[in-house]
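Student: Following this message is one structure expressed as structure tokens.
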Amino acid sequence: MNEDERFSVLTMFQTLKAKTSRLLDPVVQSEGITILQTCVLFHLYQQDAAVGDISDLAVIDQANASSLCKKMEREGYLTRTRSCPDRRVVILSLTPKGRGAVERIQKLLDRYLDLLNALPSDAKEELVRGYLAANQMLDYLFEQTKGE
């Protein structure tokens, strides 16, 4: 890999991250939370989950996921309870405040969905293929660099 290719890969990752933040930060900040916290809330809106599930979802280690969830509990977005069969497992559930935040954010995100749905079918398919390819590339890089 030459110097231009290294720069290009770094630029690609940074551009995607920056543009995603620029688009989504104002939406989630309307609730005083981060994109990561929003992802947790959206997951819990669908179903209760263990902290380990959140760790996998957020692609962070379990200790950081636990800290994140404790903070969100202190802020009133979720509750943490110990599982009856295995007291080591902490189950997360949304509070009414968390559910309300998800519903308000979803209304704001609906504008983006409307814009995406207005695209021609072939453009939407290309976007999905691009996302799947980028996700596959990142999974590959994670797998190849484990433990480094």
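Student: Take the residues in region 82-93 that are in contact with a strand residue (DSSP E or B) (Cβ under 9 Å, 6 or more places away or on another chain) and in a loop (DSSP other than H, G, I, E, B), then tell me which one is farthest from Q106 (Cα to Cα).
Tutor: Top of the filtered list is R88.
Student: Among what's in region 1-51 and is of a type in the set (F, W, Y) and over 16 Å from A101 (Cβ atoms), pick the residue that is surrounded by the most Cβ atoms within 10 Å (Cβ to Cβ).
Tutor: Of everything passing the filter in region 1-51, F13 is surrounded by the most Cβ atoms within 10 Å (Cβ to Cβ).
Student: Could you list, in sequence order, the residues of region 96-115 that are over 18 Å from I35 (Cα atoms) and under 19 Å from the mean Cα position of the chain (by Cα)?
Tutor: Those that are over 18 Å from I35 (Cα atoms) and under 19 Å from the mean Cα position of the chain (by Cα): none in region 96-115.
Student: Follow-up. So in region 28-81, with the set limited to residues that are assigned to a helix (DSSP H, G or I) and of a type in the set (S, T, Y), which one is nearest to R111 (Cα to Cα)?
Tutor: Result: T38.
Student: Sort out which residues of region 112-127 are closer than 26 Å to L41 by Cα and loosely packed, with under 10 Cβ neighbours inside 10 Å, and write them in order of number.
Tutor: Hits for region 112-127 are D114, L115, N117.
Student: Can you pull out every residue in region 1-52 that is within 23 Å of Y131 (Cβ to Cβ), among the acidic types (D, E) and modelled with pLDDT under 90?
Tutor: The answer is E5, and nothing else.
Student: Looking only at region 14-21, decide whether some residue is assigned to a strand (DSSP E or B) and either without any contact (Cβ under 8 Å) to a residue 24 or more places away in the chain or among the small types (G, A, S) (or both).
Tutor: Checking region 14-21: not a single residue is assigned to a strand (DSSP E or B) and either without any contact (Cβ under 8 Å) to a residue 24 or more places away in the chain or among the small types (G, A, S) (or both).
Student: Here's a follow-up. Collect the residues in region 106-127 that are more than 22 Å from D25 (Cα to Cα) and part of a helix (DSSP H, G or I), keeping them in residue-number order.
Tutor: Across region 106-127, the qualifying residues are S121, D122, A123, K124, E125, E126.
Student: Test L127 against the stated conditions and say whether it is within 30 Å of V9 (Cα to Cα) and either of a type outside the set (S, T, Y) or touching a helix residue (DSSP H, G or I) at 6+ places or on another chain (Cβ under 8 Å) (or both).
Tutor: So L127 fits the description; yes.
Student: Taking the stated definitions as given, is V9 out of contact with any strand residue (DSSP E or B) (no Cβ under 9 Å at 6 or more places or on another chain), closer than 26 Å to E75 by Cα and in a helix (DSSP H, G or I)?
Tutor: Answer is no for this residue.
A quick yes/no check of all residues on (1) surrounded by 15 or more Cβ atoms within 10 Å (Cβ to Cβ); (2) among the basic types (K, R); (3) at pLDDT 95 or above; (4) in contact with a Ser or Thr (Cβ under 9 Å, 6 or more places away or on another chain):
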position: S67; (1), (2), (3), (4): no, no, no, no
position: R74; (1), (2), (3), (4): no, yes, yes, no
position: L78; (1), (2), (3), (4): yes, no, yes, yes
position: I91; (1), (2), (3), (4): yes, no, no, yes
position: P96; (1), (2), (3), (4): no, no, yes, no
position: G100; (1), (2), (3), (4): no, no, yes, no
position: E103; (1), (2), (3), (4): no, no, yes, no
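The values are calculated or read from the model by the stated rules, or taken from the named source; none is laboratory data. Source: prediction; values computed, not measured. In this analysis, Cβ positions are derived from the backbone assuming ideal geometry, glycine residues included, and neighbour counts consider all displayed protein chains.
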